[in-house]
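The values are calculated or read from the model by the stated rules, or taken from the named source; none is laboratory data. Please read these numbers as outputs of a predicted model, since none were measured by experiment. Virtual Cβ from ideal backbone geometry, glycine too; neighbours counted across all protein chains shown.
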Amino acid sequence: MKKTLHKSTDRGYYDHGWLKTNHSFSFASYYNPEKMQFGMLRVFNDDFVEAGRGFGAHPHEDMEIVSIPLKGELAHKDNAGHEEVIRLNDVQVMSAGTGIQHSEYNYSENEEVNFFQLWIIPNARGHKPRYDQKTFNPDDRVNKLQTFISPDKSDGNLWLNQDAHFSWTTLKKGNELEYNIHTKGNGVYTFVIEGAIEAAESNLNTRDAIGISETESFNITAKENSFVLFVEVPMN
């Protein structure tokens with residue numbers, strides 16, 4: 001088993017006034033040659049945007065983009081005609097493919113929004129741009145894994161143009177679960193949204209992460225009530 005530990009305090013941090021952002025991997029003006037990506041996971045940003053502010057229209061291409069709100073409301077608008085708001089327990093996926101322009105901003109005039117944005121390198125260039133979102137029942141992740149993105153393109157599922165699996169759990173103190181790798185050779189970026197866990201015999205606290213690869217499975221144990229995200233991606 002190969003393990004790469006990322007402490008929360010080692011992330012790139014910038015305070016732009018209206019935006020406070022944490023970068024797990026090199027992004028924009030944050031550059032760390034030791035933290036370029038984890039397999040096909042290229043970007044993991046933890047953003048806090050003040051009320052009424054946001055990112056104006058900007059382009060993307062050939063990237064699979066996932067947005068996960070943790071607090072507040074995030075509005076999305078793109079040049080394909082989608083105009084949506086995502087909230088806690090919602091997940092948004094966007095395949096930039098051949099090119100898309102979108103804006104995202106805090107929908108609330110009173111409350112800060114906190115959201116994760118992750119970029120996954122696609123399995124090929126030139127995919128058709130697409131957008132989707134879905135709401136997930138938090139009761140379905142208590143002391144068990146709830147998968148919310150997978151390669152399964154059946155109706156109603158969130159999927160990416162990559163062999164990527166996103167899961168999460170709200171694991172109560174003292175409980176343990178096993179994560180089994182879906183595809184041989186994939187790795188899992190395990191990120192503690194809140195709480196404290198032991199993962200693959202390593203201790204992690206809120207906003208710490210560990211990249212785990214070259215194994216078929218690993219265990220995590222909650223040292224306190226914890227909310228944990230798993231991002232499984234190809235390593236090559």
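Quick look at the numbers
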{"read-out": "Qualifying positions in region 46-86 - out of contact with any Lys or Arg (no Cβ under 6 Å at 6 or more places or on another chain) and either polar (S, T, N, Q) or free of Cβ contacts under 8 Å to residues at least 24 places away in the same chain (or both)", "value": "SER67, ASN79, GLY81, VAL85"}
{"read-out": "Yes/no for GLU64 being among the charged types (D, E, K, R) and surrounded by 20 or more Cβ atoms within 10 Å (Cβ to Cβ)", "value": "yes"}
{"read-out": "Single residue of ASN219, ASN175 found to be of a type outside the set (Asp, Glu), at pLDDT 95 or above and under 19 Å from THR4 (Cβ atoms)", "value": "ASN219"}
{"read-out": "Complete set of residues in region 144-161 that are surrounded by 13 or more Cβ atoms within 10 Å (Cβ to Cβ) and either without any contact (Cβ under 8 Å) to a residue 12 or more places away in the chain or in a loop (DSSP other than H, G, I, E, B) (or both)", "value": "LEU145, SER150, PRO151, ASN157, LEU158, TRP159, LEU160, ASN161"}
{"read-out": "Any hit, region 105-127, residues being touching a Ser or Thr at 6+ places or on another chain (Cβ under 6 Å), modelled with pLDDT of 95 or more, under 23 Å from SER226 (Cα atoms) and charged (D, E, K, R)", "value": "no"}
{"read-out": "Residue ID - surrounded by the most Cβ atoms within 10 Å (Cβ to Cβ), chosen from residues in region 205-236 that are in contact with a helix residue (DSSP H, G or I) (Cβ under 9 Å, 6 or more places away or on another chain) and on the phi < 0 side of the Ramachandran plot", "value": "ALA209"}
{"read-out": "Candidate set from region 178-199 (those that are part of a loop (DSSP other than H, G, I, E, B) and free of Cβ contacts under 8 Å to residues at least 40 places away in the same chain); member that is surrounded by the fewest Cβ atoms within 10 Å (Cβ to Cβ)", "value": "LYS184"}
{"read-out": "Criterion violated by GLU73 - all others in (1) surrounded by fewer than 15 Cβ atoms within 10 Å (Cβ to Cβ); (2) modelled with pLDDT of 95 or more; (3) of a type in the set (D, E, K, R) satisfied", "value": "(1)"}
{"read-out": "Every pair of residues 6+ apart whose Cβ atoms lie under 6 Å, when the first sits in region 98-110 and is crowded, with 18+ Cβ neighbours inside 10 Å while the second is of a type in the set (D, E, K, R) and part of a strand (DSSP E or B)", "value": "ILE100/ASP78; HIS102/ASP78"}
{"read-out": "Checklist (1) without any contact (Cβ under 8 Å) to a residue 40 or more places away in the chain; (2) in contact with a strand residue (DSSP E or B) (Cβ under 6 Å, 6 or more places away or on another chain); (3) basic (Lys, Arg) applied to LYS35, failing item", "value": "(2)"}
{"read-out": "Residue count, region 200-236 (criterion: free of Cβ contacts under 8 Å to residues at least 60 places away in the same chain and either out of contact with any strand residue (DSSP E or B) (no Cβ under 8 Å at 6 or more places or on another chain) or more than 25 Å from LEU88 (Cα to Cα) (or both))", "value": "5"}
{"read-out": "Residue count for region 16-34, restricted to those that are part of a loop (DSSP other than H, G, I, E, B) and within 16 Å of the chain's Cα centre (by Cα)", "value": "3"}
{"read-out": "Residue under evaluation GLU111, criteria (1) within 15 Å of GLU64 (Cα to Cα); (2) in a loop (DSSP other than H, G, I, E, B), criterion not met", "value": "(1)"}
{"read-out": "Evaluation of SER67 against (1) farther than 23 Å from ASP163 by Cα; (2) within 18 Å of the chain's Cα centre (by Cα); (3) in a strand (DSSP E or B) (one fails), failing number", "value": "(1)"}
